[in-house]
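Only one structure is covered here, and it is reproduced in the block below.
Rule-based calculations on the coordinates, nothing more; no lab input. Computed from a prediction, not measured in an experiment: that's the story for all the values here. Cβ atoms come from the backbone with ideal geometry, glycine included; neighbour counts cover every protein chain shown.
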Amino acid sequence: MVAGDTFRAAAIDQLKIWGERAGASVMAREPGADAAGLAFDALGAAKTQGVDIVLVDTAGRLQNRAELMSELEKMVRVMRKVEPAAPHAVLLVLDATVGQNALNQVEIFGKIAGVTGLVMTKLDGTARGGILVAIAARFGLPVHFIGVGEGVEDLAAFTARDFARAIVGLES
């Protein structure tokens with residue numbers, strides 16, 4: 001795992017904790033380090049070590065912050081120097097409480113990073129995540145997981161039938 005959210009020290013620490021819990025190695029640098037350089041080095045190290053999967057956490061990117069989106073675009077460009085087909089999958093994690101703003105996020109992140117799938121979190125509160133219906137209709141992206149809490153067991157595979165029933169208030 002790569003702590004690509006280098007502008008938030010807490011994000012780096014948080015990923016290290018999750019790496020320990022999952023038994024995965026985490027590559028990180030000091031806060032403020034060049035995220036694209038870190039991603040480049042991580043992919044190079046993975047190739048050298050024969051690692052099959054590299055997860056780059058770029059959390060904290062805001063679509064209304066041009067400098068952060070430019071940094072994300074640079075990360076994708078630099079990763080392709082090491083692995084031309086990279087990134088093989090790009091999951092956009094959406095917060096269920098943002099509502100219609102999620103459409104804008106999917107559009108902009110899709111243009112910059114080539115989003116291939118979605119994860120919807122914060123479905124443990126009053127938000128039902130109904131925006132996923134509009135996103136599916138407009139972008140046709142698969143939803144892979146939903147988050148219903150903050151524990152490891154609270155990230156579940158997305159099941160359309162169960163989700164649809166939850167949106168309209170029916171039990172699964």
- [ ] Using only Cα atoms, find the angle between the long axis of helix 9-22 and the longest principal axis of the chain, and express it within 0 to 90 degrees, rounded to the nearest 10.
- [x] 80
Task: Principal-axis tilt of helix 101-113 within the chain, Cα atoms, nearest 10 degrees - done: 30
Open item on the list: Give me Rg/Rg_expected for the range 1-87, where Rg uses Cα atoms only and Rg_expected = 2.2 N^0.38 Å with N residues.
Closed with: 1.04
Task: Relative contact order (percent, whole number), the chain, Cα cutoff 8 Å, 6+ residue spacing - done: 15
Task: Listed residues Gly114, Gly151, Gly44, most fluctuating in the chain (Gaussian network, C-alpha, under 10 Å) - done: Gly151
Task: Percent of beta bridges antiparallel (DSSP, the chain, rounded to nearest 5) - done: 20
Task: Listed residue (Ala24, Gly50, Leu141) projecting farthest to the positive dipole end of the chain, Cβ model - done: Leu141
Open item on the list: Could you derive backbone 3J(HN,Hα) for the range 35-50 from the dihedral phi with the Karplus parameters 6.51, -1.76 and 1.60 (θ = phi - 60°), listing whole Hz in sequence and x where the residue is Gly or Pro?
Closed with: 5, 5, x, 5, 4, 4, 5, 5, 5, x, 5, 4, 4, 4, 8, x
TODO: Using the charge dipole of the range 89-172 (Lys, Arg: +1 at Cβ; Asp, Glu: -1 at Cβ; taken about the Cα centre), state which of Asn104, Gly169, Gly151 has its Cα farthest towards the positive end.
DONE: Asn104
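Counting only helical runs of four or more DSSP H residues, what would the 222 nm mean residue ellipticity of the chain come to if each run contributes -39,500 (n - 2.57) and the total is spread over all its residues?
After summing the helix terms and dividing by the residues of the chain, the value is -14000 deg cm²/dmol.
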- [ ] Enumerate the lysines that Lys74 could reach by cross-link, defined here as Cα to Cα under 25 Å, with residues fewer than 8 away along the same chain left out.
- [x] Lys16, Lys47, Lys111
Open item on the list: I'd like to compare 97-109, 21-33: which one has the highest average count of other Cβ atoms within 10 Å, and what's the full order after that?
Closed with: 97-109, 21-33
